[in-house]
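First the structure, in the form of structure tokens, and then the observations on it.
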Amino acid sequence: MNLLALLGTLLLLSSVWIGTVEAKSSVGDRVLVLVPKLESAKHYSRFLDSLKTRGFDLSLSAASNTSVSLQIDGERLFDHAILLAPAAKKMGGGLTPQDFVRFVNDGGNLLVAVSSELSDFHRKLGKQFGIDFEPRGSWAIDHSEFAEQNNQTDHRLIAATNLAKVPAVLSPEILTGGSGTNASLPVFYKGIAHRYQAKNPLLIPLLVGSTTTYSGKTEVDKDGNIRSAAVDDMPLSGKSVGLVSVFQTRNNARVAFSGSTALFSDPLFKRTESGNAPFVESISKWVFQEKSVLRESNHRHYLLSTGEQPDHYLITNDMVYEIDLSVYNNDKWHPYKADDVQFEAIMLDPYIRVTLNRTQTSDSSATAATYHGHIRLPDRYGTFTFRVNYKRTGYSNVDVQDTVAIWPLRHDGYPRFLTAAYPYYTGSLVMVLGFLALSAVWLWNAEPAALKESKDMQKPRDDEKKKTKSKSK
Amino acid sequence: MKPFSLVKIAAALCVLASTCIAAISTSNVVVKVMERTGDKLFEKKLAYPKTFDNGPTITAATPFSVSFDASSDRTGKALALDQAFVSLRNMETGDEMAFAAKMGKNGSYRMDVTRKQFRSHLGAMPGKHMVSLVLGSFDEGGLFYELGEVQVAGKKRIGNADVLYGPRDEIHHRFAEPQRMPNVLLSLVFAGLVAAPLLALVGVWVRMGVNMSNLAKEPVGSSALMVLVAAYMALAVAYWIGVRLLPMLAYVLALALPTYLVGQYALSRRIQLGL
């Protein structure tokens, strides 16, 4: 009996322990996967199995399943969502593109894969993130860099090598092919192209076409050969052809759009010298926040002289600002090392913008890197904002703000004595000393005895003279 | 390079049907820039893979055209291309733009950059551009042929309206210059001049025989009065240095009564003693 109770306790504790083991994602491990039919998930078995291996809890559902919901009572049911049903005109229980946008706004991450048969649902969803898919039925075509499929050449199955050099998203091994030859393995892609907003800093075109890639519709002629349909005067071609793009929102949620569901499929994973598996792994790790997630763990500012944070600062005070930054990679937080973390002191416009220095430490177990800066506050008083606004391509945003008051000097805070005023100080002092001296003389001075005697003798003579004068009158 | 890497690259090439062997040929490639009046500013006929040098400058007023014929290497016949683009790539920024060439009745292809196209697209990215033919066919493969460089006229946009995702320029606050002061020596000289009359007064007093004989006759009251008067002067100096009004007023009030009483005593004693 005791043994049973012990076993039961151990099982309970282990289940609690297992329940509390965190997934490798820094935000959660609940993933919703929507596929056209449940059977079609086997085409993506390698991709989905890799997610399970990484600790994600997958909830597989058909897109037509009306019981699918993203949130309940305002709480997200999932941390991530993968849409692999490009032709589905609606998702789940009446989910609209706006529902997925709301999901992203609430912090959920999204991975969307479409194909040439994409529906208006996906087109509208893409437009919310600056992705404009080509018309339905279009393909990304390349007559120069294509691959064989089933022993037949298919110019719509392109071998794309134009990867964006964003180390935060694509690891250097992917860009160099792992062989150190600076030539990435081709990513096999068969699907639709999209236009992207090149100047949108939130959007990163990860995989784009090469110079010979273009977007066009195809048709089959009477001989059964594939032909390209008529193109516009200025067709979408070259680097403007977006194949896979990712988007990071201002609230650090991440979204990826791929114009090809085949990119994630087992046949292309298994091709010889295929870069699909490492590429898909890299972008899925980024989208699901398993890497390149930045956070600020602590920040402080204080006077250099006292080492304490005052209620308010005074103009021209010397202060120290420190901030601790970490980056999430490989299942844990590491110190984030960079040389471009900047501090700003802002009152409407920045008065000060300086680059902070990283504090060198020998502590190998540290999870955060400390950046510090010695700053002399401006000689302007007012309400300032101390800000570290760190936004870098591929990394999550860090925006730390503190509102502080900078007061002017008190009436007794200014320099009291000026070298140019020495004559005036001397004058005041002379007046004080002169008054004291005069007071002392008046109190203590006594006339000398000889002078007093002569005055006493002179007095009767003066009296006689006065009498004589009065008699003569 | 390691042998295994070579094998990997060779294997990659084997699965790619790339441009190693292109089955498309071009001929009668003509690059032309015309004046508005119809005069030829620039015309160059090219044969693959030659390029032209000293490329012209293209403006909205000088139509730019490229014409060419395409044929299949296998059959030798004219080819209906699936992709017939003339690509312009900005050598500075890497931005690319492609214009589709249309097939004419005689099977030749021709691309013209209209004034509207120039103003809406090319004019926004002036500079040196590489002109290339990008041809492709589902049956024959692709051909990429760089023709030469042209200069696209236009004004570059000043400033960068793009949002910066990177370190920005540092801003160091410029503090107000400290007030300029005259030389310290000058101040000291004038301070000496100000102090001189007092010193002269003391000297005159000494010559006149000023003394402190009455102190011995009445030491208590007069000394106390002098101390209190000196205390008032010290308070004035302390306020002048420290500028703390309320503590100074408190001390002034505290000293007022003793000073009055001591003064009354001292002065009455002087009268009594006939000083």
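The values are calculated or read from the model by the stated rules, or taken from the named source; none is laboratory data. Keep in mind that what you see is a predicted model, and the values were worked out from it rather than measured. Cβ sites come from the backbone with ideal geometry, for glycine too, and all protein chains shown count toward neighbours. When the accessible area is computed, the model is the full protein with side chains, heavy atoms only, and any ligands, DNA or RNA have been set aside. Shrake-Rupley method; radii C 1.70, N 1.55, O 1.52, S 1.80 Å.
Just add up the charged neighbours of A:PHE188: K/R +1, D/E -1, any other residue whose Cβ is under 13 Å from the Cβ of A:PHE188.
On the way: positive: A:ARG156, A:LYS190, A:LYS270, A:ARG271; negative: A:ASP142, A:GLU145, A:GLU148, A:ASP154, A:ASP266, A:GLU273.
Taking every other residue near A:PHE188 into account, the sum is -2.
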(request) Please sort by residue number the GluC sites (Glu not before Pro) in region A:234-330 whose DSSP state is loop and whose Cβ has at most 12 other Cβ atoms within 10 Å. (result) A:GLU308
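Quick one: with all protein chains in place, what share of the accessible area of the protein assembly as shown is carbon or sulfur, to the nearest percent (1.4 Å probe)? Spell out each step's value before the answer.
Values: 22840 of 40690 Å².
Looking at the protein assembly as shown in its full context, I get 56 percent from C and S.
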(message) With a 1.4 Å probe and all protein chains kept in place, how do A:SER40, A:SER116 rank by accessible area, largest first?
(response) A:SER40, A:SER116
(request) Name the residue farthest towards the positive end of the dipole of the protein assembly as shown from the options B:PHE138, A:PHE417, A:VAL35, assuming +1 on Cβ of Lys and Arg, -1 on Cβ of Asp and Glu, about the Cα centre. (result) A:PHE417
(message) Nearest 5 percent is fine: what portion of the DSSP beta bridges confined to region B:4-155 is antiparallel?
(response) 95 percent
(request) May I ask you to give the solvent-accessible area per residue for region A:293-407, in square angstrom, as obtained with a 1.4 angstrom probe? (result) 50 Å²
(request) For A:LYS239, go through the lysines and keep the ones whose alpha-carbon is under 16 Å away, minus same-chain ones fewer than eight residues off. (result) A:LYS165, A:LYS199
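I need the Kirkwood Rh of region A:293-407: take the reciprocal of the average 1/r across all distinct C-alpha pairs and report it in angstrom.
Numbers: mean 1/r = 0.0676 Å⁻¹.
Result for region A:293-407, one decimal place: 14.8 Å.
If you take the Cα Rg of region B:71-195 and divide it by 2.2 N^0.38 Å, with N the number of residues, what do you get?
2.36
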(request) Taking all protein chains together and a probe of 1.4 Å, list B:MET130, B:MET91, B:MET233 from the most accessible to the least accessible. (result) B:MET91, B:MET233, B:MET130
(request) List every residue whose amide H lies under 5 Å from the amide H of A:SER396, counting only residues 5 or more places away in sequence or on a different chain, with H placed 1.01 Å from N in the peptide plane. (result) A:LEU294
(request) At q = 0.16 Å⁻¹, work out log10 I(q)/I(0) for chain B with the Debye formula, treating every Cα as an identical point scatterer and leaving solvent out; two decimals please. (result) -1.25
(message) Show me the trypsin sites (Lys or Arg not before Pro) within region B:161-235 that DSSP assigns to loop and that have at most 15 other Cβ atoms within 10 Å of their Cβ.
(response) B:ARG168, B:ARG174, B:ARG180
(request) Go through region A:226-254 and flag every residue whose accessible area shrinks by 20 Å² or more with all protein chains in place compared to the isolated chain (probe 1.4 Å). (result) A:ILE226, A:ARG227, A:SER228, A:VAL231, A:ASP233, A:MET234, A:PRO235, A:SER237, A:LYS239
(message) If I model the protein assembly as shown as equal point scatterers sitting on the Cα atoms and use the Debye formula, what is log10 I(q)/I(0) at q = 0.09 Å⁻¹?
(response) -0.99
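Need one number: % antiparallel among DSSP beta bridges in the protein assembly as shown, to the nearest 5. Please report the intermediate quantities before stating the final value.
Working: 126 of 149 bridges.
So the antiparallel bridges in the protein assembly as shown amount to around 85 percent.
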(request) With a 1.4 Å probe and every protein chain left in place, tell me how much accessible area A:SER61 has, in Å² to the nearest 10. (result) 10 Å²
(request) Starting from the Cα of A:ASN397, step 7 Å along the direction of its Cβ; do the same at A:LEU418; then give the gap between the two resulting points in nm. (result) 4.9 nm
(request) Check the straight Cα-Cα distances from A:LYS465 and name the lysines below 22 Å, setting aside those fewer than 8 residues away within the same chain. (result) A:LYS452, A:LYS455, A:LYS473
(request) Would you tally the net charge around B:ARG115, using a Cβ to Cβ cut-off of less than 14 Å, leaving B:ARG115 out, and scoring K and R as +1, D and E as -1? (result) 0
(request) Could you tell me, in Å, what Rg and Dmax come out for the Cα atoms of region A:24-287? (result) 17.7, 58
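To the nearest 100 Å², how much accessible surface do chains B and A cover up together, summed over both, with a 1.4 Å probe? Display every interim value, and only then the final one.
Numbers: alone 20510 and 27320 Å², together 40690 Å².
Summing both sides, the interface buries roughly 7100 Å².
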(message) Given all pairs of different Cα atoms, what value in angstroms does the Kirkwood hydrodynamic radius of region B:4-155 take?
(response) 16.5 Å
(request) Would you work out which of A:ALA63, A:VAL166, A:ASN445 lies farthest towards the positive end of the dipole of the protein assembly as shown, given +1 charges on the beta-carbon of Lys and Arg and -1 on that of Asp and Glu, about the Cα centre? (result) A:ASN445
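Of all GluC sites (Glu not before Pro) in region B:87-192, which ones are in loop regions per DSSP and have a Cβ with at most 13 other Cβ atoms within 10 Å? Show your work: numbers first, answer last.
Working: sites: B:GLU92, B:GLU96, B:GLU140, B:GLU146, B:GLU149, B:GLU170; in loops: B:GLU92, B:GLU140, B:GLU170.
Here the GluC sites (Glu not before Pro) that fit, given the DSSP loop and packing criteria, are B:GLU92, B:GLU170.
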(message) Let me see the P(r) profile for region B:218-275: every Cα-Cα distance counted, bins of 5 Å, each bin given as a percent of all pairs.
(response) 4, 20, 24, 18, 13, 10, 6, 4, 1
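What size of dipole, in debye to the nearest 20, comes out for the protein assembly as shown about its Cα centre when the only charges are +1 on Lys and Arg C-beta atoms and -1 on Asp and Glu C-beta atoms?
Working: 82 positive and 70 negative charges, 644 e Å.
For this selection, approximately 3100 debye.
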(request) Taking the Cα centre of chain B as origin, sum charge times position over the Cβ atoms of Lys and Arg (+1) and Asp and Glu (-1), and report the length of that vector in debye to the nearest 20. (result) 720 debye
(message) Given points 7 Å out from each Cα along the Cα-Cβ axis, report the A:LYS471 to B:LYS102 separation in nanometres with one decimal.
(response) 15.2 nm
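To two decimal places, what compactness ratio does region A:209-284 give when its Cα radius of gyration is scaled by 2.2 N^0.38 Å? Provide the component values of the computation, followed by the final result.
On the way: Rg = 16.3 Å, N = 76, 2.2 N^0.38 = 11.4 Å.
Compared with the compact-globule rule of thumb, region A:209-284 sits at 1.43.
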(request) State, as an integer percentage, the relative contact order of region B:146-275 based on alpha-carbon contacts under 8 Å between residues 6 or more apart. (result) 24 percent
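Using Cα pairs closer than 8 Å and at least 6 residues apart in sequence, work out the relative contact order for chain A, in percent. Working shown, then result.
Values: 908 pairs, mean separation 53.5, N = 473.
Over chain A, the number comes to 11 percent.
So for chain B, averaging the separation of alpha carbon pairs under 8 Å that are six or more residues apart and normalising by length, what relative contact order in percent results? Walk me through the numbers on the way to the answer.
Values: 364 pairs, mean separation 39.8, N = 275.
Once normalised by length, the contact order is 14 percent.
Place a +1 charge on the Cβ of each Lys and Arg in region A:82-203 and a -1 charge on the Cβ of each Asp and Glu, then give the dipole magnitude about the Cα centre in debye, rounded to the nearest 20.
Numbers: 12 positive and 11 negative charges, 93 e Å.
Here region A:82-203 has a charge dipole of around 440 debye.
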(request) Run the quick spin-label model on A:ASP331 and B:ALA200: label points 7 Å from Cα toward the beta carbon, then report their separation in nm to one decimal. (result) 9.5 nm
(request) Would you compute, from DSSP H runs of 4+ residues alone, the mean residue ellipticity of the protein assembly as shown at 222 nm, taking -39500 (n - 2.57) per run and dividing by the full residue count, rounded to the nearest 500? (result) -9500 deg cm²/dmol
